[in-house]
1. Ignore the peptide's own chain and count Cβ atoms of other chains within 10 Å of each Cβ in B:318-325; give me the average, rounded.
2. Round to the nearest 10 and report in Å² the accessible area of B:K187, as given by a 1.4 Å probe over the protein chains' heavy atoms.
3. Residue by residue through A:23-34, how many Cβ atoms from other chains fall within 10 Å of the Cβ on average?
4. Before rounding to the nearest 500, sum -39500 (n - 2.57) across all DSSP H runs of length at least 4 in chain A and divide by the residue total; then give [θ] at 222 nm in deg cm²/dmol.
5. Packing-wise, with mean Cβ within 10 Å as the measure, how do B:261-269, B:189-197 rank, highest first?
6. Treating the angle as unsigned and between 0 and 90°, give the value, to the nearest 10°, between the Cα long axis of helix A:35-46 and the longest Cα principal axis of chain A.
7. Rg and Dmax in Å for the protein assembly as shown, alpha carbons only: what are they?
8. Hey, for a label at B:Q321 modelled as a point 7 Å past Cα toward Cβ, could you say which residues of the stretch A:18-41 have their backbone N under 17 Å away?
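The values are calculated or read from the model by the stated rules, or taken from the named source; none is laboratory data. Quick caveat, the model's predicted, so the values are computed rather than measured. When we count neighbours, we look across all protein chains shown, and the Cβ atoms used for this are built from the backbone with ideal geometry, even at glycine. These accessible areas exclude ligands, DNA and RNA; they are computed on the full protein's heavy atoms, side chains included. Shrake-Rupley method; radii C 1.70, N 1.55, O 1.52, S 1.80 Å.
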Amino acid sequence: MSETVKNEVPLWEVFIRPRNGLSHKHCGSVHAADEVMALQAARDVYTRRGEGQSIWVVRSKDIVASDPQDKEELFEPTADKIYRHPTFYEIPDEVGHM
Amino acid sequence: MYSQGLIGADTSTEESEEFLRAFQERIDAEQKIEPNDVMPAGYRKTLIRQIGQHAHSEIVGMLPEGNWITRAPTLKRKAALLAKVQDEGGHGLYLYSAAETLGVSREQMTEELHAGKAKYSSIFNYPTLTWADIGTIGWLVDGAAIMNQIPLCRCSFGPYARAMIRVCKEESFHQRQGYEIVMTLAKGSPEQKAMAQESLDRWWWPVLMMFGPHDSDSQHGDQSMRWKIKRFSNDELRQKFVDATIPQAEYLGLTVPDPDLKWNPEKNDGRGGYDFGAIDWDEFWRVVKGKGIMNRERIRDRRKAWDDGEWVREAALAHAQKRAERMAAEQQAAE
Ligand SMILES: [Fe+2]
Ligand SMILES: [Fe+2]
Ligand SMILES: [Fe+2]
């Protein structure tokens, strides 16, 4: 997305941990001049009803994402490695649960 | 809300048959489309327009209700209204954020709204004349919004669907607080009940218009349905809304201002439903085209809020830059 057009307030991606024991999850974005204001805005916009115990904000421009066009090349090779799955191996019933 | 009656969408698109067919297959298989995925230009355009209109509606929608925050009759009502209006601001921001994933900038959307080029729901161009209007808006306007937004939770575009799930979780409070206000008035003194009735009389028809033109008159509805941006037609949702709302009005002892309203046992495949009178589409288009009672004031107020905040944005950016420079200098000194 276009970045730093004159006087544009930077965009931040917001990640929230609903409670301890769970990981942070992406929930949207906010515009803010700096990281302090980004956290404040994220709190106001995304946690008005106790949705979070912890917030991460990351400058959107700092996120490196894979290209969906490369999906096959990146993820397809795992599909034919069936020996990575437990069901690939035959274990007699007598052995019991394994 | 408010995107059901999407105004002036252009779904035309110029990709090859093959590309469009492959895209349609993904949609038909209920696969979600995510921001970086390839998509037809018409799909992108329609969504930018729809999510933008929806976001603007949430933001402009803060104005009619904000009008009563300082005059709410009790502290409880004031706190609730403040929280509700704040939620609407949040809804606008979730939606702008979803639209931005499609490549449109916040600045651009804001500028279009302030220039009067972007549309928002016609309902917010009506004035809030009495306290009862705050109840009626929560009950009916948010009620209509819920009808529209629940199916949008299954919209084919991921970020929009996810924003709608957040929004829907919050809307139920809005409708219930509104209904409770109307209920209190309807059970109060004769003057209070009359105030509630008068408010319903003014809002009923504009609320039915929120669902947008009849299916037979809306040109781009079909493509939006095929792309699963929309799941129900305007008329289907309007009918659902009327059927759900009439018993609520009856409970309050209030009358919907429609002499043609009549229970029809044949409707909805024999489950029954209400027939209702003709909607004044001339009024709808007048308001959409800028001739509503409040159109000018709404845009003026939005512009003023933006202009008044200019120095804050400038100061915040200058402060951020100063801090960044200081940090860079300290780092250099340390090295
Ligand atoms: Fe709303
Ligand atoms: Fe809302
Ligand atoms: Fe609402």
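1. The shielding value for this peptide is 3.
2. Answer for B:K187: close to 140 Å² accessible.
3. Counting other chains' Cβ atoms within 10 Å and averaging over A:23-34 gives 5.
4. Roughly -5000 deg cm²/dmol at 222 nm, from the helical runs in chain A.
5. Sorting B:261-269, B:189-197 by mean packing, highest first, produces B:189-197, B:261-269.
6. Roughly 70 degrees, rounded to the nearest 10.
7. Final numbers for Rg and Dmax: 24.8, 83 Å.
8. A:32-35
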